[in-house]
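Down below is the structure, laid out as structure tokens.
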6 protein chains.
Amino acid sequence: MPTVTVTRRVRFNAAHRVHNPALPDDENARLFGKCNNPNWHGHNYTLDVSVEGPMDPKTGYVFDLAKLKAVVQKEITDIVDHRNFNLDVPFMKDVIPTTENIVVAFWKLLAPKVAPAALKRLVLWETENNYVEYDGR
Amino acid sequence: MPTVTVTRRVRFNAAHRVHNPALPDDENARLFGKCNNPNWHGHNYTLDVSVEGPMDPKTGYVFDLAKLKAVVQKEITDIVDHRNFNLDVPFMKDVIPTTENIVVAFWKLLAPKVAPAALKRLVLWETENNYVEYDGR
Amino acid sequence: MPTVTVTRRVRFNAAHRVHNPALPDDENARLFGKCNNPNWHGHNYTLDVSVEGPMDPKTGYVFDLAKLKAVVQKEITDIVDHRNFNLDVPFMKDVIPTTENIVVAFWKLLAPKVAPAALKRLVLWETENNYVEYDGR
Amino acid sequence: MPTVTVTRRVRFNAAHRVHNPALPDDENARLFGKCNNPNWHGHNYTLDVSVEGPMDPKTGYVFDLAKLKAVVQKEITDIVDHRNFNLDVPFMKDVIPTTENIVVAFWKLLAPKVAPAALKRLVLWETENNYVEYDGR
Amino acid sequence: MPTVTVTRRVRFNAAHRVHNPALPDDENARLFGKCNNPNWHGHNYTLDVSVEGPMDPKTGYVFDLAKLKAVVQKEITDIVDHRNFNLDVPFMKDVIPTTENIVVAFWKLLAPKVAPAALKRLVLWETENNYVEYDGR
Amino acid sequence: MPTVTVTRRVRFNAAHRVHNPALPDDENARLFGKCNNPNWHGHNYTLDVSVEGPMDPKTGYVFDLAKLKAVVQKEITDIVDHRNFNLDVPFMKDVIPTTENIVVAFWKLLAPKVAPAALKRLVLWETENNYVEYDGR
């Protein structure tokens, strides 16, 4: 069977503050600029979850995208949507909530949940002009 | 001279909490659902500022869009970008930061600044699927 | 109170055939071209539902967009999504399913359901390059 | 019959220089900044052509959008696509090629060609963040 | 010469029904949900065709994108646009028309037609939130 | 540390003419069609600059995107925005300004400037439907 990658796009919004509590305030301000605002700011995030595998001859699907949406909703969006990454999200505790750290945390949650397909790539957009991608390396 | 409407689109992001402090917490939760999260959430906002007027025969412009961008930046985005609408924005004090109230507040700030053109319409997108528009009535 | 227009965007997909059963097949083919394919074709539709009214001072909302989404889902998308406009949709019976006729039918369903706000405008995209709008006239 | 507005979106690209030949070079540079570059610059333009009218009961169409596309192609895109607004476009002769002047020129060409419908609105995007609209006034 | 990948995006729309004729109706309904509607539904599809190769020093092109568009039109869009994947498309006969199976069928048609470049990747969007990609493996 | 790819999207517009001065005019016309217009045409370009590397534990960043934006602005957009690729851009001298040649030239400028991260991929959109990508091979 051919190996195809299928992607489900989901959206959520959240508040955050880019801040390293191990550093003094003035260094945080210098490093992170307006992203360090102590009163938070926020984004509409877009996440593309891509899984790869052979097609099931019975269905012609690599992974039913309705099921993939349900997995992402349970593992990710139910936890982070309309929340504060610094204050409300258990799996971001003690992590600076940069888009890089968020995407790596998402990988750890999703990778075990998509068998028998394999998680291939996550792309996370923070704004229309900035995005990060991660493939588990 | 023909009357043309010209629009400049700007973007910013901010945190907010939809909350009416005059109401008890449980009614706030019932009215506003997840938008009432006490730890805030946030959005990437898109704002279309439209001004209308005759073209200046010397320039062929209704209003120089570089100048319109500068006006919007000074009056709006420098104040709200990477901020918290409830805590950081003086002109939103004592106002529930719904998209409706935000767009009306923006109108009051921008309308006096675009003469000799006239502010015609503001469109404010809160998410990819929700937007409000206001024409000063 | 200021009068603001708020919009909720929804999406659905459907099959249809543009065909006037009162006309002979060759005239249908001439009038509608490939849109007359007897085996159907289909689209991802995007619908912007705009309602207008004063803000409620208690909420800062013209109309709670979560409720507007629920109204549109019950009246429209639950009936048309993943369906065939010619065969499956009771309110399109005996109507040629052009985008124009679809948007007028949607208006009749939605206008009575958005009080105390008023339905102001429907915009229905059939493809990325074609859309229609209707304001009830 | 209900009155519906139908829109066809078309795209083209062109070079131009925003320049008023009646003014000295230094004033042109001051007024138009980088848009005055003597060696030209260019854009991918997007044009939304909206016509309004009653639906034809025979077709359910206000105006066949394939025909509207053909009208716009003949009157506009065949003349301006991959061209220079200052040097190649007869109907822009002696006009400063601002987006405002371009949209007004387009109106004059298209308004007589869409009977029995009426040209309602043209929207012309010059960049992702700038657009103008004109309704014939 | 550097190796560059060039992509042409094309769009088409079609009807389909996700259905495995070897299975009973109730299992089809369970497996495919609303996508199994016997009266069909449809989509606006977007296809990105990417070919890779060295640049021709005479033209600076890897592959003339006007020619690539013509190849895709002849092999794909002329066959599937405004059609029904289950009933009208010879190369989908006896295949469940999932996006996965469609993209693999497209690959077989396009790969032999882009020499001396090489077909590198196909991305097929079924909706704004779902897409599949295939690289020939 | 995980290896993440971060991308900054920038936009600019420019004029160009696809023309090989070593060939006679009629062959240029045949090879390049309307892109060979001697009076130029132009585009709004979109460029995605992707750099890859381990995250810095102090910041949670692979590469501060504000700094990446500044690098791209200095090396690329300050030179090409609102300019003519054939006449105004030193690094395109003696090169046919196809999108392929432009993206390779951009790579040479940017690759040395993103240490300690590594330039991973450039994607350059010329129109909504055409883009090229390059990874330095």
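The values are calculated or read from the model by the stated rules, or taken from the named source; none is laboratory data. Since this is a predicted model, take the numbers as computed values, not measurements. Heads up, the Cβs are rebuilt from the backbone with ideal geometry, glycines too, and the neighbour counts pull from every protein chain shown. Note: accessible area is taken over every heavy atom of the protein model, side chains too, but ligands, DNA and RNA are not part of it. Shrake-Rupley method; radii C 1.70, N 1.55, O 1.52, S 1.80 Å.
Axis carrying F onto B: which residue of F has the nearest Cβ, and how far, whole Å?
Whole-Å result, nearest residue of chain F to the axis: F:R11, 6.
With angles folded into 0 to 90 degrees, how steeply does helix A:99-110 sit against the dominant principal axis of chain A? Use alpha carbons for both and round to 10.
Compared with the principal axis, the helix lies near 40 degrees.
Once you treat every alpha carbon in region E:27-84 as an equal point and sum by Debye, what is log10 I(q)/I(0) at q = 0.13, 0.20, 0.25, 0.27 Å⁻¹?
-0.57, -0.86, -1.04, -1.10
Give me the lysines in straight-line cross-link reach of A:K67: C-alpha distance below 22 Å, same-chain residues under 8 apart excluded.
Excluding near neighbours in sequence, the set is A:K58, A:K108, A:K113, A:K120, E:K34.
Let me check against my output: what whole-number percent is the relative contact order of chain C, with C-alpha pairs under 8 Å and at least 6 apart?
Working: 226 pairs, mean separation 42.4, N = 137.
31 percent.
Leaving out ligands, DNA and RNA, calculate the buried accessible area for the pair F and E with a 1.4 Å probe, summed over both sides, in Å² to the nearest 100. Don't skip to the answer; put the middle values down first.
Values: alone 8250 and 8260 Å², together 14650 Å².
That pair hides around 1900 Å² of surface in total.
Could you size up the charge dipole of the protein assembly as shown around its Cα centre, putting +1 on the beta carbon of Lys and Arg and -1 on that of Asp and Glu, and report it in debye to the nearest 20? Don't skip to the end; give the middle numbers.
Numbers: 102 positive and 102 negative charges, 0 e Å.
That gives a dipole near 0 debye.
Through the Karplus equation 6.51 cos²θ - 1.76 cosθ + 1.60, θ set to phi - 60°, convert the phi angles of region E:115-121 into ³J(HN,Hα) values in whole Hz; use x for Gly and Pro.
Karplus-based 3J(HN,Hα) across region E:115-121 equals 4, x, 6, 10, 5, 9, 6 Hz.
Of the trypsin sites (Lys or Arg not before Pro) in region D:74-119, which ones lie in a loop per DSSP and count no more than 16 other C-beta atoms within 10 Å?
Within region D:74-119, the qualifying trypsin sites (Lys or Arg not before Pro) (loop, at most 16 other Cβ atoms within 10 Å) are D:K93.
Report the calculated FRET efficiency for E:K74 and B:A22 (r = Cβ-Cβ distance, R0 = 60 Å), to the nearest 0.05.
About 0.35, to the nearest 0.05.
Given a 1.4 Å probe and every protein chain left where it sits, what share in percent of the accessible area of region A:3-134 is carbon and sulfur?
On the way: 2690 of 5090 Å².
Within region A:3-134, the accessible surface is 53 percent carbon and sulfur.
State the Kirkwood hydrodynamic radius of the protein assembly as shown in Å, one decimal place, computed from all pairs of distinct Cα atoms.
Roughly 28.4 Å, rounded to one decimal.
Measuring nothing but label to label, 7 Å from Cα along Cα→Cβ, what are A:P2's distances to the other copies in nm, shortest first?
3.0, 3.0, 4.2, 4.9, 5.3
Relative to the other copies, what are the label-point distances for E:L87, with labels 7 Å from Cα along the C-beta vector, expressed in nm at one decimal and sorted shortest first?
From this label point to the equivalent ones elsewhere in the assembly: 0.7, 5.4, 5.7, 5.7, 6.0 nm.
Shielding by partners for E:20-27, please: the mean number of other protein chain Cβ atoms within 10 Å of each residue's Cβ. Could you put the intermediate results ahead of the total?
Values: counts 4, 0, 2, 2, 0, 0, 0, 1.
The mean count of partner-chain Cβ atoms within 10 Å per residue comes to 1.
Inter-copy label distances at A:D26, 7 Å along the Cα→beta-carbon direction, one decimal in nm, shortest first?
Values, ascending and in nm: 4.6, 5.0, 7.5, 7.5, 8.9.
Is there a simple number for the mean count of other chain Cβ atoms within 10 Å of the Cβ of residues in A:77-90, and what is it?
Details: counts 0, 0, 0, 1, 3, 11, 5, 8, 3, 2, 4, 5, 1, 0.
Shielding by partners across A:77-90 averages 3.
Give me, ordered by chain and number, the residues 5 or more places off B:N84 or on other chains with an amide H under 5 Å from its own placed amide H.
Here the answer is B:A15, since their amide H atoms fall under 5 Å of that of B:N84.
Once each part is reduced to its C-alpha centroid, what is the distance from region B:60-119 to region E:115-136 in angstrom?
Cα centres, region B:60-119 to region E:115-136: 42 Å.
Report ³J(HN,Hα) in whole Hz for each residue of region C:37-53, in order, from the Karplus equation J = 6.51 cos²θ - 1.76 cosθ + 1.60 where θ = phi - 60°; Gly and Pro get x.
Per-residue couplings from phi come out as 3, x, 8, 6, 8, x, 8, 8, 8, 10, 10, 9, 9, 10, 10, 10, x Hz.
Once you average over the residues of C:112-119, how many Cβ atoms of partner chains fall within 10 Å of each Cβ?
Details: counts 0, 0, 0, 0, 0, 0, 0, 0.
Mean number of neighbouring Cβ atoms from other chains: 0.
In terms of modelled amide H atoms, which long-range or inter-chain residues lie less than 5 Å from the amide H of F:D64?
Those qualifying (amide H under 5 Å, at least 5 residues apart or on another chain) number zero.
Can you compute the helix-only [θ] at 222 nm over chain B? Use -39500 (n - 2.57) per DSSP H run of at least 4 residues, normalise by all residues, nearest 500 deg cm²/dmol. Before the final figure, lay out each step's value.
Details: 3 runs with 28 residues, N = 137.
About -6000 deg cm²/dmol.
Enter the accessible area per residue of region F:27-110 (Å², integer; probe 1.4 Å; all protein chains in place). Provide the component values of the computation, followed by the final result.
Values: 3280 Å² over 84 residues.
In whole numbers, region F:27-110 has 39 Å² accessible per residue.
Across the Cα atoms of region B:3-134, what radius of gyration and what greatest pairwise Cα-Cα distance (Dmax) are found, in Å?
That works out to 16.5, 60 Å for Rg and Dmax.
Once ligands and nucleic acids are excluded and a 1.4 Å probe is used, how much of A:M1 is accessible, expressed in Å² to the nearest 10?
Result for A:M1: roughly 140 Å² accessible.
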